[in-house]
Amino acid sequence: MTLPTSSPSDPLLNALRQGVRQLMRDFPAAYWRELDEAQAYPTEFMRAMTEAGYLAALIPEVYGGGGVGITEASVILEEVNRAGGNAAVGHAQMYTMGVLLRHGSEAQKQTYLPPIARGELRLQAFGVTEPDAGSNTLNIRTTAVRQGDHYLINGQKVWTSRAQYSDLMILLARTTPKNQVKKRTEGLSVFLVDMREALGRGMTIEPIPTMINHHTTQVYFDNLKVPTENLIGEEGQGFRYILSGLNAERILIAAECIGDGYWFIEKARDYANQRVVFDVPIGAHQGIQFPIAQAYAQLRAADLMRFDAARRYDAGEKVGPEANMAKYLAAEASWQAANVAMQTFGGFGFAREYDVERKFRETKLYQIAPISTNLILAYLGQHVLKMPRSY
Ligand SMILES: Cc1cc2nc3c(=O)[nH]c(=O)nc-3n(C[C@H](O)[C@H](O)[C@H](O)COP(=O)(O)OP(=O)(O)OC[C@H]3O[C@@H](n4cnc5c(N)ncnc54)[C@H](O)[C@@H]3O)c2cc1C
């Protein structure tokens with residue numbers, strides 16, 4: 001039996017869910033397990049998602065996309081994770097273009113958005129994090145110095161996921177030294193880097209082996225030339241542009257966690273109902289049943305917060321607190337559900353063929369990236385509750 005969820009019953013959302021569920025039948029758990037073992041890119045999945053139009057969902061129709069809201073987009077990603085898959089790469093192609101859409105010039109949008117919508121151009125790399133800056137983005141050291149018709153980029157990014165599989169990268173770099181800016185949030189700029197041209201001409205990519213299949217890398221810049229026409233928006237305003245996309249991203253990530261959470265709970269419930277060790281199914285024991293019920297209740301509550309944040313976002317409201325709470329609650333709920341599923345499966349939770357260990361590793365990421373749980377709590381403490389700033 002499929003679990004009841006907190007989703008509003010809406011014809012478009014229902015149709016999207018059915019469509020993604022249908023598509024995901026071609027990408028069962030075994031597909032993701034094999035990719036995970038080979039640390040491979042989900043090429044066929046991405047092709048199918050592109051052909052179905054899901055990855056262009058957030059691109060306005062005038063640029064060849066679906067023009068739907070965050071609520072609908074979040075349902076697409078949720079269903080991928082709920083079916084046992086991993087939406088991360090799809091999320092990247094669906095959403096990284098947001099900076100370009102919100103702050104790019106009309107010429108940039110006309111050039112890039114239609115081929116991104118058709119899946120002919122991959123914009124899946126987002127170069128913000130640096131080794132010595134971490135969560136403190138204002139401390140990044142990669143520099144972009146203007147020289148005539150181009151900028152010269154020098155520095156290093158870390159955790160730039162999908163750099164080897166993407167044609168384009170959104171890059172955040174410092175254009176004015178930190179000690180020369182009026183406001184501490186100024187002096188950073190966003191560039192669209194064509195990685196096909198940059199590779200070997202000032203840009204090198206080094207994969208980082210990780211505990212999940214995330215195609216993540218370090219990227220080094222050594223006098224890379226980026227044409228001035230690839231600057232997005234105004235020079236010096238890049239931090240603001242990156243921030244402006246974070247609320248929508250938080251809601252999408254929350255939805256992926258919710259998808260994971262329902263997957264874990266369904267798996268745990270089904271296993272608990274059929275596994276018999278002391279003459280009755282283990283699910284009859286309250287030590288097994290109650291944690292699953294608790295995880296389900298927490299997940300339903302997080303799901304409500306996610307839909308509240310998504311609805312407000314689509315209505316044009318300011319949603320910083322709601323988007324952050326949705327992401328926080330959903331990441332906590334999916335991690336709780338992951339632990340409960342592991343415990344319910346006992347030793348079999350460790351066996352790859354059940355996929356619990358893979359999803360367990362995958363869902364842990366969301367308490368750390370794209371923003372860690374502590375930084376969300378700091379945001380709520382300082383900006384919503386008006387408590388002292390800790391940094
Ligand atoms: C698999 C993976 C993929 C990623 N993909 C990308 C990507 O594509 N592009 C990109 O730009 N980045 C990416 N990231 C980076 C990710 O966004 C960062 O890891 C994340 O922002 C945290 O930064 P950090 O790892 O440097 O941790 P740090 O900032 O060093 O933090 C370490 C710990 O200290 C805590 N902490 C730090 N400061 C405070 C504080 N003031 N108060 C309380 N606690 C604090 C944090 O919560 C965390 O638990 C990825 C990371 C991973 C692991």
message = Using only the alpha-carbon atoms, what does the range 243-384 span along each of its principal axes? Please give whole angstrom values in decreasing order.
response = 55, 24, 24
query = Which whole-angstrom value gives the distance between the alpha carbon centres of the range 1-45 and the range 139-169?
reply = 33
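Taking every pair of alpha-carbon atoms in the range 58-201, give the share separated by more than 19 Å as a whole percent. Kindly include the intermediate steps, with their values, before the conclusion.
Working: 5994 of 10296 pairs.
Looking at the range 58-201, the distances longer than 19 Å represent 58 percent of pairs.
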ask   = To the nearest Å, what is the center-to-center distance of the range 257-300 and the range 190-225, using C-alpha atoms only?
value = 42
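Over its Cα atoms, what ratio of radius of gyration to 2.2 N^0.38 Å does the range 134-215 give? Display every interim value, and only then the final one.
On the way: Rg = 14.0 Å, N = 82, 2.2 N^0.38 = 11.7 Å.
Relative to the 2.2 N^0.38 Å estimate, the range 134-215 comes out at 1.20.
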query = Cα axis of helix 70-82 to longest principal axis of the chain: angle in degrees, 0 to 90, nearest 10?
reply = 50
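What dipole magnitude, in Debye to the nearest 20, does the chain give about its Cα centre under +1 on Lys/Arg Cβ and -1 on Asp/Glu Cβ?
Values: 40 positive and 41 negative charges, 203 e Å.
Value, rounded to 20: 980 debye.
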ask   = To the nearest 500 deg cm²/dmol, what mean residue ellipticity at 222 nm is calculated for the chain from DSSP H runs of n ≥ 4 alone, each contributing -39,500 (n - 2.57), summed and divided by the residues?
value = -15000 deg cm²/dmol
key: C-alpha long axis of helix 11-24 to longest principal axis of the chain, angle in °   = 80
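Assuming a viscosity of 0.890 mPa s and a temperature of 25 °C, what translational diffusion coefficient in µm² per second does Stokes-Einstein assign to the chain, Rh being the Kirkwood radius over Cα pairs? Intermediate results must be reported in sequence, preceding the final value.
Values: Rh = 21.8 Å.
Answer, rounded: 113 µm²/s.
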query = Which value does Rg/Rh take for the range 308-391 over its C-alpha atoms, Rh per Kirkwood?
reply = 1.12
remark   = The helix 106-117 Cα axis meets the longest alpha-carbon principal axis of the chain at an angle in degrees, between 0 and 90 and rounded to 10, of 30
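With +1 on each Lys and Arg Cβ and -1 on each Asp and Glu Cβ, and nothing else charged, work out how big the dipole of the range 123-238 is about its Cα centre, in Debye to the nearest 20. Display every interim value, and only then the final one.
Details: 12 positive and 12 negative charges, 70 e Å.
So the dipole magnitude of the range 123-238 works out to roughly 340 debye.
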query = Taking the Cα centre of the range 184-319 as the origin and placing charges on Cβ (Lys, Arg +1; Asp, Glu -1), which of 246, 219, 290 is farthest toward the positive end of the dipole?
reply = 290
remark   = Of the candidates 159, 228, 179, the farthest towards the positive dipole end of the range 123-238 (Lys/Arg Cβ +1, Asp/Glu Cβ -1, centred on the Cα centre) is 179
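If you keep only loop residues by DSSP, which GluC sites (Glu not before Pro) in the range 174-273 have at most 15 other Cβ atoms within 10 Å of their Cβ? Numbers along the way, then the final one.
Working: sites: 186, 197, 229, 234, 235, 249, 256, 266; in loops: 186, 234, 235.
Counting only loop positions with at most 15 other Cβ atoms within 10 Å, the GluC sites (Glu not before Pro) in the range 174-273 are 234.
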task = Treat the range 11-117 as a sphere of radius equal to its Kirkwood radius over Cα pairs and apply Stokes-Einstein at 4 °C in a medium of 1.567 mPa s; give the translational diffusion coefficient in µm²/s, rounded to a whole number.
result = 90
message = For a quick check of your reading of the filter: which GluC sites (Glu not before Pro) in the range 74-130 sit in a DSSP loop and have no more than 11 other Cβ atoms within 10 Å?
response = 120
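If I stretch the segment between residue 377 and residue 26 completely, what's the gain in nm (0.36 nm per residue apart, minus their alpha carbon distance), one decimal? Kindly include the intermediate steps, with their values, before the conclusion.
Numbers: separation 351, 0.36 × 351 = 126.36 nm, distance 3.90 nm.
Contour length minus the Cα-Cα distance gives 122.5 nm.
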message = I'd like the projected area of the range 224-318, averaged over all directions, using the convex hull of its alpha carbons. Report it in nm² with one decimal.
response = 10.5
key: Cα-derived Rg over Rh, computed across the range 55-130 with Rh taken as Kirkwood radius   = 0.98
remark   = With DSSP loop assignment and no more than 10 other C-beta atoms within 10 Å, the trypsin sites (Lys or Arg not before Pro) in the range 1-55 are 25
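Just to check, using Stokes-Einstein with a Kirkwood Rh over alpha carbon pairs, what's the diffusion coefficient of the range 271-336 at 25 °C and 0.890 mPa s in µm²/s?
Working: Rh = 13.6 Å.
My calculation gives 181 µm²/s for D.
Every number here is computed from the coordinates shown, using simple stated rules; none is lab data. Note that the coordinates shown come from a computational prediction; the quantities given were computed from them, not determined experimentally. Cβ coordinates were reconstructed from backbone atoms using ideal geometry, including for glycine residues, and neighbour counts include every protein chain displayed.
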